[in-house]
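S.K.: Following this message is one structure expressed as structure tokens.
The values are calculated or read from the model by the stated rules, or taken from the named source; none is laboratory data. Everything numeric in this text was worked out from a predicted model, so none of it was measured. No Cβ is skipped: glycine too gets one built from the backbone with ideal geometry, and neighbour counts run over all protein chains shown.
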Amino acid sequence: MTATTDGTGESPLPEAEAGHSTTVPAPATAAPGAPKTREAAARAVTLATEHLLARQDAAGWWKGDLETNVTMDAEDLLLRRFLGVDDERTTAAAARFIRSRQRPDGTWATFHGGPAELSATVEAYTALRLAGDAPDAPHMAAASAWVREQGGVAATRVFTRIWLALFGWWRWEDLPELPPEIMYLPKWVPLNLYDFGQWARQTIVPLTVVSALRPVRPAPFALDELHTDPRRPAPPRPLAPATSWDGVFQRLDKALHVYHRLPVAPLRRAALRSAARWIVERQENDGCWGGIQPPAVYSVIALHLLGYDLRHPVLRAGLESLDRFAVWHEDEDGAPVRMIEACQSPVWDTCLATTALADAGLRPDHPALVKAADWMLDEQILRPGDWTVKRPHLAPGGWAFEFENDAYPDIDDTAEVVLALKRVRHPDPERMEKAIRRAANWAVGMRSRNGAWGAFDADNTSPFPNRLPFCDFGEVIDPPSADVTAHVVEMLAVLGKQHDPRARRGVEWLLGEQEECGAWFGRWGVNYVYGTGSVVPALVASGIPVSHPAIRRAVGWLREVQNPDGGWGEDLRSYRDPEWIGRGASTASQTAWALMALLAAGERESEVVERGVTWLTDTQREDGSWDEPYFTGTGFPWDFSINYHLYRQVFPLTALGRYLHGEPFTETPLEG
């Protein structure tokens with residue numbers, strides 16, 4: 001392997017220390033707790049193991065449904081109507097799902113048990129109108145009345161108004177401008193394309209095409225009932241002071257609107273061609289873009305507007321990929337129901353399932369684990385992607401989240417895949433060693449200047465993208481986070497690199513990020529329970545003693561927020577309201593995260609752990625699974641929430657397995 005630096009002049013990890021791919025943990029010699037609790041935990045682990053093994057695909061992977069909210073389903077219907085490819089069966093099945101998620105007051109939320117959300121309600125209502133629901137039907141009238149009370153369409157997010165503009169329900173002139181000429185901004189100029197996080201970047205490029213061409217496919221009906229005043233649907237918004245950043249960007253947007261009317265024609269044409277080329281070059285082998293639905297939807301629209309007909313191989317593959325985001329089932333009456341996944345998570349689910357089964361006591365050379373390892377090894381990405389803009393000399397070696405997403409491997413999946421592979425005794429240890437070494441070097445090379453790790457890019461921390469009027473929904477940058485950094489630190493510790501200066505700096509960063517209450521913020525899971533459940537095991541694995549004040553503060557916080565029923569839960573409202581931090585109905589995944597932290601912190605024989613274990617064993621279903629309607633995954637804090645349907649299975653199994661058998665890698669490693 002050719003030695004390369006990570007872009008900061010640092011050398012890769014020494015091969016001899018990064019390649020013990022057949023190391024397996026020795027089990028603990030004694031299990032803690034009361035005999036009845038141990039017996040119940042052992043039964044639960046047996047049932048959960050059988051359930052999880054039965055769900056493995058013949059190819060070796062696992063994938064649970066990835067549930068988000070009805071905007072995915074509404075926008076899918078809107079796309080199909082815009083392209084003229086909608087059909088009665090698909091529309092009816094999608095409408096059934098959208099109606100099934102409507103709340104009694106006529107509104108829609110973006111997560112289970114959450115408050116009503118305006119943009120989701122407008123998009124769901126619009127989709128049901130396209131599906132044939134009458135505006136005076138009780139469920140529709142209730143929705144439109146609530147929308148008007150909240151300020152109407154004018155108060156929705158930009159993305160919602162873009163969808164309405166495609167059908168003439170909103171004026172393009174009343175939307176923020178996003179010119180395709182942004183493609184030509186040098187990488188050192190603020191607001192260049194690579195100042196945005198990968199998910200935003202992939203969405204913005206096709207939307208520059210849509211914004212420039214401003215298409216309208218007139219709708220068959222008006223939506224006057226969604227405006228507070230149909231004669232004046234877009235009341236003027238007050239300008240912020242010119243001396244404020246908001247004021248600066250508002251005035252920049254006004255200037256861009258002038259430029260839209262009087263563009264430099266050759267430059268505009270060249271920018272549109274460059275955008276099209278950029279989009280096509282990043283189409284994945286399965287036809288999708290980035291493995292996620294939103295960029296795929298907008299890329300299809302953009303290319304179609306630029307002259308690609310629906311029979312063109314690029315668009316045909318793109319539309320076929322969108323069909324694979326559909327999850328079909330039947331309702332209580334046997335009618336088909338169709339839910340759209342925003343993304344699919346096979347790599348993430350497979351590495352977590354592998355770790356869970358290893359923690360449950362499956363032998364490291366079990367055929368299911370070897371098959372999973374083979375599949376993960378085949379999924380390793382060995383070609384450059386957009387991350388090379390910041391790390392041009394770094395050799396590839398990461399993993400993505402999805403089936404196909406070679407342009408955007410992520411650090412979090414890479415670290416967790418390495419941790420999973422280390423639990424497997426593979427018949428080809430040389431192949432395993434080589435893959436792990438590549439992955440570790442790539443992940444280490446992707447760290448940011450502050451010593452921590454983001455999800456997809458290094459040093460993606462510009463403060464400007466979030467201020468654009470266009471970017472009013474979710475995170476558009478990818479700064480380092482505690483949970484991703486913790487997973488990399490844990491990976492390095494498992495590889496025997498806990499004393500590497502880069503690992504130590506990551507530990508120092510994590511210690512500095514601890515909240516006053518003792519918890520850590522969770523960027524990719526809800527929320528402080530997830531962050532704390534990620535960080536504590538990593539710190540202990542890296543050599544921080546369980547007596548360290550940071551660990552004791554974390555344990556104290558987890559004790560404090562344990563629910564009376566023995567479980568843990570945290571509502572998504574904790575991202576906005578500190579009163580919700582650590583508060584919420586107990587869930588299987590969040591209870592498991594808390595237990596994973598407590599077990600790592602040496603609390604195996606404590607009452608708090610026994611109560612948590614008892615909650616998990618008491619709430620397990622007869623088939624070995626757990627029920628979890630609550631959303632515990634995070635796409636964008638507060639703005640976009642995820643219910644990973646496999647979380648309720650893999651994390652409880654991990655926690656119970658560690659309760660019975662001890663923490664992984666706490667004993668002397670055994671060579672395969």
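S.K.: Out of all the residues in segment 273-295, which are part of a helix (DSSP H, G or I) and under 22 Å from Q198 (Cβ atoms)?
M.R.: Here is the first cut: in segment 273-295, the ones part of a helix (DSSP H, G or I) are 273-281, 293-295.
S274, A275, A276, R277, W278, I279, V280, E281, Q293, P294, P295, listed by residue number.
S.K.: If you don't mind, another one. Show the residue pairs meeting these rules: Cβ distance below 7 Å; 6+ apart or different chains; first residue within segment 420-449 and within 16 Å of L369 (Cα to Cα); second residue part of a loop (DSSP other than H, G, I, E, B) and of a type in the set (A, V, I, L, M).
M.R.: none
S.K.: Another question about this same structure. Do the conditions hold for P238, that is, is it modelled with pLDDT of 95 or more, farther than 30 Å from L128 by Cα, over 34 Å from the mean Cα position of the chain (by Cα) and of a type outside the set (A, V, I, L, M, F, W, C)? Walk me through it before giving the result.
M.R.: Details: modelled with pLDDT of 95 or more: no; farther than 30 Å from L128 by Cα: yes; over 34 Å from the mean Cα position of the chain (by Cα): yes; of a type outside the set (A, V, I, L, M, F, W, C): yes.
Spelling it out, it is not the case that P238 is modelled with pLDDT of 95 or more, farther than 30 Å from L128 by Cα, over 34 Å from the mean Cα position of the chain (by Cα) and of a type outside the set (A, V, I, L, M, F, W, C).
S.K.: Could you tell me which residue of segment 409-466 is surrounded by the fewest Cβ atoms within 10 Å (Cβ to Cβ), considering only residues that are of a type in the set (S, T, N, Q) and within 16 Å of P384 (Cα to Cα)?
M.R.: Start the filter on segment 409-466 by keeping residues that are of a type in the set (S, T, N, Q), which leaves 414, 441, 448, 450, 460-462, 466.
Narrowing the set further to residues that are within 16 Å of P384 (Cα to Cα) leaves 414, 441.
Values: T414: 29, N441: 25.
Here the answer is N441.
S.K.: Let me ask something additional. Answer yes or no: is there a residue in segment 513-522 that is among the polar types (S, T, N, Q) and either crowded, with 24+ Cβ neighbours inside 10 Å or farther than 27 Å from L616 by Cβ (or both). Show your work before the answer.
M.R.: To start, the set of residues in segment 513-522 that are among the polar types (S, T, N, Q) comprises 514.
Next, from what is left, pick out any that are either crowded, with 24+ Cβ neighbours inside 10 Å or farther than 27 Å from L616 by Cβ (or both): none.
Looking through segment 513-522, none of the residues is among the polar types (S, T, N, Q) and either crowded, with 24+ Cβ neighbours inside 10 Å or farther than 27 Å from L616 by Cβ (or both).
S.K.: Here's another thing I want to ask about it. Please determine, by comparing only the residues of segment 387-419 that are among the small types (G, A, S) and without any contact (Cβ under 8 Å) to a residue 60 or more places away in the chain, which one is nearest to L13 (Cα to Cα).
M.R.: Step one: list which residues in segment 387-419 are among the small types (G, A, S), which gives 395, 397-398, 400, 407, 415.
Filter once more, so that each one left must be without any contact (Cβ under 8 Å) to a residue 60 or more places away in the chain: 397-398.
On the way: G397: 13, G398: 15 Å.
Among residues in segment 387-419 that are among the small types (G, A, S) and without any contact (Cβ under 8 Å) to a residue 60 or more places away in the chain, the one nearest to L13 (Cα to Cα) is G397.
S.K.: For H426, state whether it is within 19 Å of the chain's Cα centre (by Cα) and not hydroxyl-bearing (S, T, Y).
M.R.: Values: within 19 Å of the chain's Cα centre (by Cα): no; not hydroxyl-bearing (S, T, Y): yes.
Against the criterion (within 19 Å of the chain's Cα centre (by Cα) and not hydroxyl-bearing (S, T, Y)), H426 does not qualify.
S.K.: E516: in a helix (DSSP H, G or I), over 21 Å from the mean Cα position of the chain (by Cα), of a type in the set (D, E) and assigned by TED's automatic domain parsing to the domain that holds W399, yes or no? Even if it seems obvious, please write down each step before you answer.
M.R.: Numbers: in a helix (DSSP H, G or I): no; over 21 Å from the mean Cα position of the chain (by Cα): yes; of a type in the set (D, E): yes; assigned by TED's automatic domain parsing to the domain that holds W399: yes.
The answer is no for E516.
S.K.: Something else now. Please count how many residues of segment 73-102 are over 24 Å from V216 (Cα atoms), assigned to a helix (DSSP H, G or I) and without any contact (Cβ under 8 Å) to a residue 40 or more places away in the chain.
M.R.: So the first thing to find is which residues in segment 73-102 are over 24 Å from V216 (Cα atoms), and the list is 89, 92-93, 96-102.
Those left that are additionally assigned to a helix (DSSP H, G or I): 89, 92-93, 96-100.
So of that shortlist, the ones also without any contact (Cβ under 8 Å) to a residue 40 or more places away in the chain come out as 98.
Residues flagged as over 24 Å from V216 (Cα atoms), assigned to a helix (DSSP H, G or I) and without any contact (Cβ under 8 Å) to a residue 40 or more places away in the chain within segment 73-102 amount to 1.
S.K.: In segment 376-386, which residues are under 21 Å from W199 (Cα atoms) and either out of contact with any strand residue (DSSP E or B) (no Cβ under 9 Å at 6 or more places or on another chain) or not assigned by TED's automatic domain parsing to the domain that holds R447 (or both)?
M.R.: Taking segment 376-386 and keeping what is under 21 Å from W199 (Cα atoms), we get 379-386.
Passing the criteria: L382, R383, P384, G385, D386.
S.K.: Write out, first by first residue and then by second, each pair whose Cβ atoms fall under 9 Å of each other, whose residues are 6+ apart or on separate chains, and whose first residue, in segment 469-483, is farther than 27 Å from W509 by Cβ and part of a loop (DSSP other than H, G, I, E, B) while the second is among the small types (G, A, S) and modelled with pLDDT of 90 or more.
M.R.: So the pair list comes out as F470/S211; F473/S119.
S.K.: Moving to a separate point now. From the set of residues in segment 561-578 that are in contact (Cβ under 8 Å) with a residue 24 or more places away in the chain and surrounded by fewer than 18 Cβ atoms within 10 Å (Cβ to Cβ), which is farthest from W524 (Cα to Cα)?
M.R.: That would be D565.
S.K.: Here is a further query. What are the residues in segment 494-511 that are surrounded by fewer than 23 Cβ atoms within 10 Å (Cβ to Cβ) and closer than 28 Å to G567 by Cα, if any?
M.R.: L511
S.K.: Give the residue, chosen from Y298, Y259, that is in a helix (DSSP H, G or I), of a type in the set (F, W, Y), crowded, with 16+ Cβ neighbours inside 10 Å and touching a residue at least 60 places away in the same chain (Cβ under 8 Å).
M.R.: Working: Y259 fails: crowded, with 16+ Cβ neighbours inside 10 Å.
Only one candidate qualifies: Y298.
S.K.: On to the next question. Restricting attention to segment 265-293, which residues are modelled with pLDDT under 95 and either assigned by TED's automatic domain parsing to the domain that holds W399 or closer than 23 Å to L175 by Cα (or both)?
M.R.: Hit for segment 265-293 is Q293, nothing else.
S.K.: A follow-up question, please. Is it the case that A585 is over 15 Å from T68 (Cβ atoms), of a type in the set (G, A, S) and surrounded by fewer than 19 Cβ atoms within 10 Å (Cβ to Cβ)? Can you show your working first?
M.R.: Values: over 15 Å from T68 (Cβ atoms): yes; of a type in the set (G, A, S): yes; surrounded by fewer than 19 Cβ atoms within 10 Å (Cβ to Cβ): yes.
Yes; evaluated as a whole, the condition is true for this residue.
S.K.: Sticking with this structure for a sec: Looking only at segment 451-468, filter to residues that are among the polar types (S, T, N, Q) and either part of a loop (DSSP other than H, G, I, E, B) or touching a helix residue (DSSP H, G or I) at 6+ places or on another chain (Cβ under 7 Å) (or both); which one of those is nearest to P501 (Cα to Cα)? Before you say what the answer is, go through the steps one by one.
M.R.: Filtering segment 451-468 down to residues among the polar types (S, T, N, Q) leaves 460-462, 466.
Among the residues that remain, those that are also either part of a loop (DSSP other than H, G, I, E, B) or touching a helix residue (DSSP H, G or I) at 6+ places or on another chain (Cβ under 7 Å) (or both) are: 461-462.
On the way: T461: 23, S462: 26 Å.
It comes out as T461.
S.K.: Checking the structure you have, find out if any residue of segment 459-475 is more than 30 Å from K254 (Cα to Cα) and of a type in the set (A, V, I, L, M, F, W, C).
M.R.: no
S.K.: Next question. Note down all Cβ pairs under 6 Å where the first residue falls in segment 140-159 and is at positive phi, the second is polar (S, T, N, Q), and they're at least six residues apart or on different chains.
M.R.: Note: pairs meeting the criteria are G152/T228.
S.K.: Could you figure out which of (1) in the same structural domain as E603 (by TED's automatic domain parsing); (2) assigned to a loop (DSSP other than H, G, I, E, B) isn't true of A486?
M.R.: (2)
S.K.: Would you mind finding the one in T126, T107 that is of a type in the set (V, I, T), under 16 Å from Q150 (Cα atoms) and assigned by TED's automatic domain parsing to the domain that holds L319? Steps first, please.
M.R.: Working: T126 fails: under 16 Å from Q150 (Cα atoms).
Matching residue, one of T126, T107: T107.
S.K.: Consider D412 carefully, then state whether it is within 22 Å of the chain's Cα centre (by Cα) and among the charged types (D, E, K, R).
M.R.: Details: within 22 Å of the chain's Cα centre (by Cα): yes; among the charged types (D, E, K, R): yes.
In short, yes.
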